[in-house]
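Down below is the structure, laid out as structure tokens.
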Amino acid sequence: MPATTFDVFRYQPDSSDTPYRQEFALDHSDKVTLLDALLQIQDEQDGSIAMRYSCRSAICGSCSCKANGRTVLACMAQVEEIKEADGSDTIQVDPIGNFAPVKDLIVDLDPFWEKFRSVKPYLIPDGKAPEKERIVSKEAMNKVYNESKCILCAACYSECNSLAADPDFVGPAALAWGYRFAGDERDGQRKQRAKLYSGEHGLWDCTRCMYCNERCPKGVEPRDAIEKLGGVAFREGVSWGDAGARHARAFLVSVRTGGKLNETLLVPFTNPVTAPLDAPFALQMIRKGKAPSPLPHRIKKLNEVKHLMKNVKEEV
Amino acid sequence: MAKQFAYYPGCVAEFSSKELNATTQALAPMLDIELLPMPAATCCGAGDIAEAKPNLYLTLNVRILSQAEEMGVDVLTICNVCTLNLRRANKMVKEDPRLLEKVNEELVAAGARPYEGTKEVTHMLWYLAGEEGMSALEARGPRGLNGLRVAPYYGCQLLRPSSVMGFEDPDKPQSMERLITALGGEVADYEGKSKCCGFPILLAREETAFKESHVALAGARDARADVMVTPCPLCHLAMDAYQRKAEASNGEEYNMPVLHLPQLLGLALGLDNDIMDFGRHMVSPEQALATAGLV
């Protein structure tokens, strides 16, 4: 029978404001999940350990936590696999990151739900409801299949680097739900959604650290959804108002005119108003040779690229 | 015989961070690598084109892969972001023949060569930290780094998503540690080595980006690193070119010289300093390197 030490983050605000760690030694069966192990500890050793859980089947999304620093769904994570991956018989268990702890492994998810609600995570069709149901082809539903798998476990928020730097960032799961509906052919609010998700703390704030794709236990690939929302913004003509969108536009202009990125174009294109105020820094960059010629950097066979830019159709 | 690659330096190494390109080109023959130019390759889009026009991103990147296929060699990159964009496109079309067919129709209509899905994309770090690279390094008998204390900084897009990158455990990367140790350096370990440098949003969300770069810069500083080293020129811009601005924004002092990975190898192999051109760095590494007797 395997034995494991669980080094658990404890926070019991009723008795102390200071979090502490507590080790629990546990003998358990070969194929025990982290959730089952924690419940066994709760049952046999310390009934006061607080954690959220419900379905035990990776459906409800309640039991996300960190195992040795990596965010997991406790009910999906096998104890023996964690030990093998990390080469240790001790597993550190912590609440998910980027949220305030409430008690032990339970965090305050209110900001998560507020952000989720803020993206209008429901279908808003145009016009009157039809007499019968709205039929959608399999192909059309496949466009939003990944995003439909989200179980709102918040694992993608736990290590999001943008969220760590800006607590107001609306975040990966909410934006994935945004695309779930912006990409649904029955929805009539694509343009409004593109506007809603753009702007400060919105889709252009994603720093592409890829933690969300790495940690999502359901294959939602939230970063990919954010990318698709950018595509929706461009298709709906909502691509000038935000500096992030203008930054992306500078790449398109660069590639169309020369094939390579024109770095010197990026700053004034992204921040046309504030760029001149940054002249001292620009001078430093010029002095260090870090401001290349603003003329297009022409590749060979640019005609191929121009043809592609004109003819490739987008489907987001 | 030298190992041949289709060399895809990426835009930043070709223009604003020329010292990286020059160092890589000078280093390659020393390590038995032949870099074949790709004169018709575009920008990979850096995630920005993917964020504006996803199908265009895919088509442009497959066009680059097809050029390497025509040359009969795999692609070698020196930038995290190029690596992710090219590898992701490669994975998408290799796993979905119908998608490849669709992309090829676009390429052929534009007069470009269709892609058969036979090539791979490797970052120089991966090649060097692998068996072939390590034995080429060993054969060269590096003069060493004289115990220089180096903080490896991986950034994000060479590690994650692991389903696309897959070279090493994204949570416990060791490739740069292996190289630093093999070259006679000392590893300064710290938690922020695989966190984001903030560069993708630096121009659009400067303050947020600086809070991100703070995590790694402060981590390397607190680990008493002499220098930080990175395999990505975009991370280098965020960490070096914008470091003084980050200090002002965060109310911190880092004073952390940041080397491009090929510069670290160049130092260990005795490459000419004029080629590595440390004068182009915003935070000068000269003093740290002089103290270690490397310049």
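Quick notes on this structure:
- Extension gain, A:Lys149 back to A:Val253 (0.36 nm per residue minus Cα-Cα distance, nm): 33.9 nm
- Listed pairs A:Lys300/B:Lys53; A:Lys218/B:Lys53; A:Lys115/A:Lys195; A:Lys128/A:Lys228; A:Lys143/A:Lys218 exceeding 20 Å between Cα atoms: A:Lys300/B:Lys53; A:Lys218/B:Lys53; A:Lys128/A:Lys228
- Sparse-neighbour loop sites [GluC sites (Glu not before Pro); segment B:112-141; at most 16 other C-beta within 10 Å; DSSP]: B:Glu116, B:Glu120
- In sequence order, segment A:217-226 has phi-based couplings of x, 10, x, 6, 6, x, 4, 5, 5, 4 Hz under the Karplus curve 6.51 cos²θ - 1.76 cosθ + 1.60, θ = phi - 60°, and Gly or Pro positions carry x.
- Distant-in-sequence amide H partners of A:Gly188 (H built 1.01 Å from N, under 5 Å): A:Ile124, A:Asp126
- Amide proton proximity set for B:Ala40, modelled H, under 5 Å, gap of 5+: A:Lys300
- Among the listed pairs A:Lys191/B:Lys195; A:Lys120/B:Lys119; B:Lys172/B:Lys211, a Cα-Cα separation exceeding 32 Å is found for A:Lys191/B:Lys195; A:Lys120/B:Lys119.
- Backbone N under 16 Å from the B:Asp272 label point (7 Å along Cα→Cβ), restricted to segment B:1-22: B:19-22
- Cross-link partners of A:Lys288 among lysines (Cα-Cα below 19 Å; sequence separation of 8 or more within a chain): B:Lys18, B:Lys245
- In this simple spin-label model, placing a label point 7 Å from the Cα along the Cα-to-Cβ direction at both B:Glu252 and A:Ala275 gives a separation of 2.9 nm.
- Segment B:1-33 versus segment A:62-81: alpha-carbon centroid distance in Å: 41 Å
- Take every pair of alpha-carbon atoms less than 8 Å apart whose residues are at least six positions apart; their mean separation over the length of segment A:110-235 yields a relative contact order of 34 percent.
- Length-normalised contact order for segment B:3-123 - Cα pairs under 8 Å, 6+ apart - percent: 30 percent
- Computed label-point distance, nm, for sites A:Lys195 and A:Ala25 using a 7 Å Cα→Cβ extension: 6.5 nm
- Close amide-amide hydrogen proximity is noted between A:Asn262 and A:Ser254, each under 5 Å apart and 5 or more residues distant or on a separate chain (H modeled in the peptide plane; Pro and chain starts excluded).
- Orphan Cys of chain A, criterion: no other Cys C-beta under 4.7 Å: A:Cys63, A:Cys65, A:Cys75, A:Cys150, A:Cys153, A:Cys160, A:Cys206, A:Cys216
- Couplings for segment A:200-214, taken from phi via the Karplus curve 6.51 cos²θ - 1.76 cosθ + 1.60 with θ = phi - 60°, read 3, 6, x, 4, 7, 8, 5, 8, 6, 6, 6, 4, 5, 5, 5 Hz in order; Gly and Pro are left as x.
- Think of it as helices only: each DSSP H run of n ≥ 4 in chain A is worth -39500 (n - 2.57), and spread over all residues that comes to -11000 deg cm²/dmol at 222 nm.
- Phi to ³J(HN,Hα) by Karplus 6.51 cos²θ - 1.76 cosθ + 1.60 over segment A:135-152, Hz, x for Gly, Pro: 7, 10, 6, 4, 4, 5, 6, 4, 4, 10, 4, 4, 5, 5, 7, 4, 10, 6
- Cα→Cβ-extended label distance, 7 Å offset, between A:Arg287 and B:Asp32, nm: 4.5 nm
- Highest average first, the peptides A:232-241, B:47-56, B:259-268, A:18-27 ordered by how many other beta carbon atoms sit within 10 Å of their residues are B:259-268, B:47-56, A:232-241, A:18-27.
- Helix axis angle, B:131-140 relative to chain B longest principal axis, alpha carbon, degrees: 50 degrees
- Based on C-alpha pairs under 8 angstrom that are at least 6 apart in sequence, segment A:1-127 has a relative contact order of 27 percent.
Here, each number is a calculation from the coordinates, and none is a lab measurement. None of these values were measured; they are calculated from a predicted model. Positions of Cβ are backbone-derived with ideal geometry, glycine not excepted, and every protein chain shown enters the neighbour counts.
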